[in-house]
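Reading through the structure tokens given below for one structure.
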4 protein chains.
Amino acid sequence: MIIVLNMGSSRQDADVILRRLNDAGAEGSYAAARDGRGLVVARGEERALRDLHLEGHPLVERLVALSPAYRQAQRRSQPLGSKVSLGRLEIGGSLFAVIAGPPCVETRRQFLSTAMVMKECGAHALRGSIFRSGPHADSFEGVGIKGLDLVHEISRQTALPVVCEVSSEADVRALGSRVTCLQVTPQNMSNLRLLDALGSSRLPVILTRGAAAGLDDLLLSAERILAGGNRQVMLCEQGLATAANPARPTLDLAALPELRRRTHLPLLVDPSRAGAREGVFDLAAAAAACGADGILLDVHINPQDALVGGDRCLNPAEFKRLVTELKPFLRAAGRELGRA
Amino acid sequence: MIIVLNMGSSRQDADVILRRLNDAGAEGSYAAARDGRGLVVARGEERALRDLHLEGHPLVERLVALSPAYRQAQRRSQPLGSKVSLGRLEIGGSLFAVIAGPPCVETRRQFLSTAMVMKECGAHALRGSIFRSGPHADSFEGVGIKGLDLVHEISRQTALPVVCEVSSEADVRALGSRVTCLQVTPQNMSNLRLLDALGSSRLPVILTRGAAAGLDDLLLSAERILAGGNRQVMLCEQGLATAANPARPTLDLAALPELRRRTHLPLLVDPSRAGAREGVFDLAAAAAACGADGILLDVHINPQDALVGGDRCLNPAEFKRLVTELKPFLRAAGRELGRA
Amino acid sequence: MIIVLNMGSSRQDADVILRRLNDAGAEGSYAAARDGRGLVVARGEERALRDLHLEGHPLVERLVALSPAYRQAQRRSQPLGSKVSLGRLEIGGSLFAVIAGPPCVETRRQFLSTAMVMKECGAHALRGSIFRSGPHADSFEGVGIKGLDLVHEISRQTALPVVCEVSSEADVRALGSRVTCLQVTPQNMSNLRLLDALGSSRLPVILTRGAAAGLDDLLLSAERILAGGNRQVMLCEQGLATAANPARPTLDLAALPELRRRTHLPLLVDPSRAGAREGVFDLAAAAAACGADGILLDVHINPQDALVGGDRCLNPAEFKRLVTELKPFLRAAGRELGRA
Amino acid sequence: MIIVLNMGSSRQDADVILRRLNDAGAEGSYAAARDGRGLVVARGEERALRDLHLEGHPLVERLVALSPAYRQAQRRSQPLGSKVSLGRLEIGGSLFAVIAGPPCVETRRQFLSTAMVMKECGAHALRGSIFRSGPHADSFEGVGIKGLDLVHEISRQTALPVVCEVSSEADVRALGSRVTCLQVTPQNMSNLRLLDALGSSRLPVILTRGAAAGLDDLLLSAERILAGGNRQVMLCEQGLATAANPARPTLDLAALPELRRRTHLPLLVDPSRAGAREGVFDLAAAAAACGADGILLDVHINPQDALVGGDRCLNPAEFKRLVTELKPFLRAAGRELGRA
């Protein structure tokens, strides 16, 4: 960590800071910059250095971090990349995972028929959420906890793992017994209680990047789950809020190569949440081109009747076409579409 | 609600939509726009119209809302504005409220001495949070639930109401019995579970706008609390994430006059969270100029030792000066600094 | 255009607006929405309706546009897409164009050697800019107008068309006589004088989207060039400023399918400007997957000595590898890498 | 400047960089950070260090600037602040300047009557622009250069200085002979040619911050004008593009105290451009509270007939009221409204 001292600081000022480092068992060295401004380069474990809280010190102008604040999530801790298993489906290896289903479970009929189409078209896992995750302007709240048995049953019937969104630590236990994987919604990426509950569970987790979150923040949230003891963490990119695109999140595909350098965690992309139906084909192919380990898609048996997100859901025929069209891009990327 | 049909739609297409409206007990009328594009103007209760989920209909290009999706929060429902009471402190009337304290309660000594200075300098309520609200790069997690008695005791001792941040529905009951008011952190503005738990409580709530949230989203979240039966809701602006200012949130003071037109809820501003120590004086005066009903401030007995946010905390002398300097601006705005 | 009247407006109010439409030779019809709020649906040519400037009318709350404000740029005006020729290179057809070169021309030696490598590796056109386009913190200003002969000579020698950035209308004529194509920098996307000068020229133009510009703004700028009589316009996406990624623009690839629906103009992507060297491979493949008609790349014979953008320049070996790795993605997208 | 070397760099690597510094006449010292990562702290003139272009060096991870890249603009170069004169009006002292007028000059009648009202109500300078500055969806282009005599005449007749927007270096000379002050539009904040032309002129300049520009970029543009020899530079804040507020720029008032610490240049705010008519009163008072040296306002004799920005123009009665209501806030801020 570099500690930039105030303009006009003296060698004596630096000594104050150096003593504070020494007292805390860390080390530092002094370097004079131009304009009589001094620097202290602190050596020690990142967290221990931050625990000194030098940002509020009257002699300090600012801190410049050199090491990331996430240790277990960083690539160095697992240079070959990590893998996460959803039943027999392994994410993070050479196979490309397609996770698809409706934005929300609505009825047995809707979810079962969608699930069967997913199976038939080659999806590897089902999307099956039972709650809405933020305030909304209509009345549908999700089927709620009572839909959990339905989700479980259809997951078994189709032999497809199922991913369910989670937005409260209070649901982790109940969901954990009935679904394969929990997805943290972007609104909850920094929900500490939820992250801690997931850290204590042993369920695979998809952590979705918030619409205004930097990659450091995303990795700090992932670190929190890892630090709790759960190693089954994947990241998901589904777009940033920008002034230039008021009607849709801006999918940040450049985050993929950048994340791959920084972390070993498997990387998913959700092109459905990042746009309208029409753009999903291109963005899915682009995600494959950027080395994503898989995609999440919204598919509805009948988009015009969907209670949530009907304008971004593919219908079964479109989904089938998307999977077919994706294959040559996966081959180009040196990947394969795994068997369902 | 205006339902914009696809380019090239016919009168017959419009009839399909009109029938759907009629079936749902709503009404609509057809209007032809240019280019053979048709519109249907739907009349009916906003929520009922949204429940038709026409956004996914294959004949529909997009929906244009005319009424806001929040009914109880809108100004029309209380044209003279609403007031919220924190003990004897009334927010939303002619007095201007100053809520101040440390970013986090650390120790008895720290919180008690800060509280006594707040009291002496004329603060009307204490800020007293016991949890950190998002992942962080250091070790301090907040004193946690065990600090609640301390907060309660010092609130009584100083006879100052106390505001505590909340980020999980699981804490609402415990906090509710010991503090005066709960503040929803910006990360949790759309946390539905938390909003619902607050709606069921009878505690005053400060709902903080998220760093990427539009005013409609903020009001939709407020509506959720109001709809739960809790009328004691205030809004707080503390800045938006922008690319232009990577190091600080951009305080959106223009939101104040806009919110005042749209809603009757009292409006607070937190200039501390929106910037460094140096800018807080100006932003507090600017908040007063924009008609805020009060401000929240970070004050620490000794900022250089603060475990959270030391670089944005005022020290007691600075706080005292700020309160003094604020007075002429409040007078200019036709407000008064209430008695503590 | 929909004219939304103020809350509480009467039929008489609507008549005022309807008369104003009639006086201007346009038509309108009245539709009552809920809450006694009225609408007027205006029919007429978009520009003529806007020329009424009803946004300032005291009876009007807001206007909702139904037709885009760009006519010649919209896809309907050329449903099969348009093509632009840079010498023998045709952009917008089935071939994929690779335009590459240094961020700035520095010396004869640097530009000639880079150009020869570009040629050898299969680039179709040279990037060859002679000016810096915004304030900068170092001393290099570009070789300036005196470098134009060099650019021209090397373009002829390699038989490669050359693209040169332009940021002032004063340079259009001089550049036009010596280079093949002019690229409007993102800072100048809305520079009306420059757009008008380009509209009057007959040179192919690459219009780069500004870092905070919406697609409507981009197309309005393109329309301005087209309206001047120049049909040789291409668009280029190279990233948006976002708070989440303070160190790099966020490449908005979803803009490609969206632009393709809205406009017939050829679409280019510049992955170099949107990121660091490491991400360029992935983003180039992703651009191909999203149906781009070509890419622009920064390549320097020796990136460590580059006077501009050395951290994002590929070296010749990396460029060669990128072109090779791109091919299977182009095949997957139904494209071919044209012959240089 | 701190030069952060790549992870795993050796002392020998640092020596390579140190030699490069020495060769360039600068100095540096080595400091080892944790993880075997090295740093070089370079001492020397900022521009000279940047001219080494170490950002592209294969041993370098990134550069951390310690000194700002603007020298003449920084506060240290004029600790007491600078002042700019528009005729007898001095901006940057204890008086607060009100510059008001229509968004565009339309007709003699419109401009003259607005100007006379401005005079009567106490404005200190006229806003009088003759060009539109970006692509637009209607037909009005501004009166153009032929309106310059009119602007000049009415400025003399009312004895009010006049501020005219400029967006091309080609106009600087013509405008300079007829108006008092030139305002760079936000779209042109980084237009190097224009900045250089203004640097060569001796006209007072208002440099408006771009909608996505950081303060460093703004000051780098100001530096460019100052470096050209023109010391008469003022800065103007009128809002940032944000996703949260799609319909209006977000006025960044916290920029004022921050700019005041960094630069000596006078600071203006334009609340009209940052919002709708209704918010202008509050934002003008807030600008005064934040220590602005003056404001710019859009006023139209008849907003409903305005050809540009009718929805944000005040009418004369509203303007008069705003000036009156502003006074107590100015007094609170220790300012006075100067005499017209």
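Worth a mention:
- The sole residue among A:Leu219, A:Leu148, A:Leu182, A:Leu215 that is of a type outside the set (D, E, K, R) and within 12 Å of chain B (Cβ to nearest Cβ) is A:Leu219.
- Scanning segment B:26-61 for residues that are exposed (fewer than 15 other Cβ atoms within 10 Å of the Cβ) and within 14 Å of chain A (Cβ to nearest Cβ) turns up B:Glu45, B:Arg47, B:Pro58.
- Among the candidates C:Gly229, C:Gly210, C:Gly239, residue that is on the phi > 0 side of the Ramachandran plot, buried (at least 24 other Cβ atoms within 10 Å of the Cβ) and touching a residue at least 12 places away in the same chain (Cβ under 8 Å): C:Gly239
- In the condition set (1) part of a helix (DSSP H, G or I); (2) touching a Lys or Arg at 6+ places or on another chain (Cβ under 9 Å); (3) open to solvent by less than 10 Å² (accessible area, probe 1.4 Å), D:Leu194 is compliant with all but (2).
- Residue among B:Val143, B:Val151, B:Val163 that is assigned to a loop (DSSP other than H, G, I, E, B) and crowded, with 16+ Cβ neighbours inside 10 Å: B:Val143
- Output for segment C:233-283, where each listed residue is among the polar types (S, T, N, Q) and in contact with a helix residue (DSSP H, G or I) (Cβ under 9 Å, 6 or more places away or on another chain): C:Gln238, C:Asn245, C:Thr250, C:Thr263, C:Ser272
- Top-ranked residue of segment A:183-210 - restricted to ones that are more than 11 Å from the chain's Cα centre (by Cα) and among the aliphatic types (A, V, I, L, M), ranked as nearest to A:Leu148 (Cα to Cα): A:Leu203
- The residue list A:Leu256, A:Leu265 contains one member that is assigned to a loop (DSSP other than H, G, I, E, B) and surrounded by 24 or more Cβ atoms within 10 Å (Cβ to Cβ), which is A:Leu265.
- One residue alone among A:Ser67, A:Ser139, A:Ser82, A:Ser129 is of a type in the set (Ser, Thr, Tyr), touching a Cys at 6+ places or on another chain (Cβ under 8 Å) and more than 30 Å from B:Ile301 (Cβ to Cβ), and that residue is A:Ser129.
- Of all the listed residues (C:Arg20, C:Arg76), the sole one being touching a residue at least 24 places away in the same chain (Cβ under 8 Å) and either out of contact with any strand residue (DSSP E or B) (no Cβ under 7 Å at 6 or more places or on another chain) or within 8 Å of another protein chain (Cβ to nearest Cβ) (or both) is C:Arg20.
- Meets criteria (over 22 Å from C:Leu195 (Cα atoms), out of contact with any Ser or Thr (no Cβ under 8 Å at 6 or more places or on another chain) and within 12 Å of chain C (Cβ to nearest Cβ)) for D:Leu226: yes
- Segment D:122-135: number of residues that are open to solvent by less than 20 Å² (accessible area, probe 1.4 Å) and not small (Gly, Ala, Ser): 4
- Residues satisfying the stated conditions in segment B:12-27, i.e. under 18 Å from C:Ala31 (Cβ atoms) and at pLDDT below 90: B:Ala26, B:Glu27
- Going through (1) under 26 Å from C:Ala333 (Cα atoms); (2) in contact with a Ser or Thr (Cβ under 7 Å, 6 or more places away or on another chain); (3) in a helix (DSSP H, G or I); (4) not polar (S, T, N, Q) one by one, A:Leu219 falls short only on (1).
- Number of residues in segment B:269-311 that are of a type in the set (S, T, N, Q) and over 20 Å from the mean Cα position of the chain (by Cα) equals 2.
- Hits in segment B:2-58 - residues which are part of a helix (DSSP H, G or I) and of a type in the set (S, T, N, Q): B:Gln12, B:Asn22
- The selection criterion, being open to solvent by less than 10 Å² (accessible area, probe 1.4 Å), within 14 Å of the chain's Cα centre (by Cα) and within 7 Å of another protein chain (Cβ to nearest Cβ), holds for A:Leu251.
- The residue of segment D:304-329 that is least open to solvent (accessible area, probe 1.4 Å), among those that are out of contact with any helix residue (DSSP H, G or I) (no Cβ under 8 Å at 6 or more places or on another chain) and among the β-branched types (Val, Ile, Thr), is D:Val308.
- Single residue of segment C:274-298 satisfying the filter (part of a loop (DSSP other than H, G, I, E, B), modelled with pLDDT of 95 or more and not aliphatic (A, V, I, L, M)) that is surrounded by the fewest Cβ atoms within 10 Å (Cβ to Cβ): C:Gly291
- Qualifying positions in segment B:71-112 - polar (S, T, N, Q), in a helix (DSSP H, G or I) and surrounded by fewer than 17 Cβ atoms within 10 Å (Cβ to Cβ): B:Ser77
- In the set (1) under 22 Å from B:Met118 (Cβ atoms); (2) of a type in the set (Asp, Glu); (3) in contact with a Phe, Trp or Tyr (Cβ under 9 Å, 6 or more places away or on another chain), the condition left unmet by B:Glu223 is number (1).
- In the condition set (1) among the aliphatic types (A, V, I, L, M); (2) more than 13 Å from chain A (Cβ to nearest Cβ); (3) touching a helix residue (DSSP H, G or I) at 6+ places or on another chain (Cβ under 9 Å); (4) in contact (Cβ under 8 Å) with a residue 24 or more places away in the chain, B:Ile2 is compliant with all but (3).
- Any chance D:Ala332 is more than 20 Å from B:Ala255 (Cα to Cα), open to solvent by less than 30 Å² (accessible area, probe 1.4 Å) and in contact with a Gly (Cβ under 6 Å, 6 or more places away or on another chain): no
- Residue within segment A:237-258 that is in contact with a strand residue (DSSP E or B) (Cβ under 8 Å, 6 or more places away or on another chain) and within 26 Å of A:Ser113 (Cβ to Cβ) present: yes
The rows are residues; the columns are (1) within 14 Å of chain C (Cβ to nearest Cβ); (2) touching a Cys at 6+ places or on another chain (Cβ under 7 Å); (3) closer than 17 Å to B:Asp282 by Cα.
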{"site": "D:Ala241", "(1), (2), (3)": "yes, no, no"}
{"site": "D:Ala247", "(1), (2), (3)": "yes, no, no"}
{"site": "D:Leu265", "(1), (2), (3)": "no, no, no"}
{"site": "D:Val299", "(1), (2), (3)": "yes, yes, no"}
{"site": "D:Glu318", "(1), (2), (3)": "yes, no, no"}
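- Residue selected from segment C:216-226 under the condition aliphatic (A, V, I, L, M) and open to solvent by less than 10 Å² (accessible area, probe 1.4 Å), by the criterion nearest to A:Thr242 (Cα to Cα): C:Leu218
- Hey, B:Arg312 within 14 Å of chain A (Cβ to nearest Cβ) and touching a Ser or Thr at 6+ places or on another chain (Cβ under 6 Å) or not: yes
The values are calculated or read from the model by the stated rules, or taken from the named source; none is laboratory data. Remember, it's a predicted structure, so these values are computed and weren't measured experimentally. Counting neighbours? That spans all protein chains shown, and the Cβs are built from the backbone with ideal geometry, glycine included. Please note that ligands, DNA and RNA were not included when accessible areas were found on the heavy atoms of the full protein model with its side chains. Shrake-Rupley method; radii C 1.70, N 1.55, O 1.52, S 1.80 Å.
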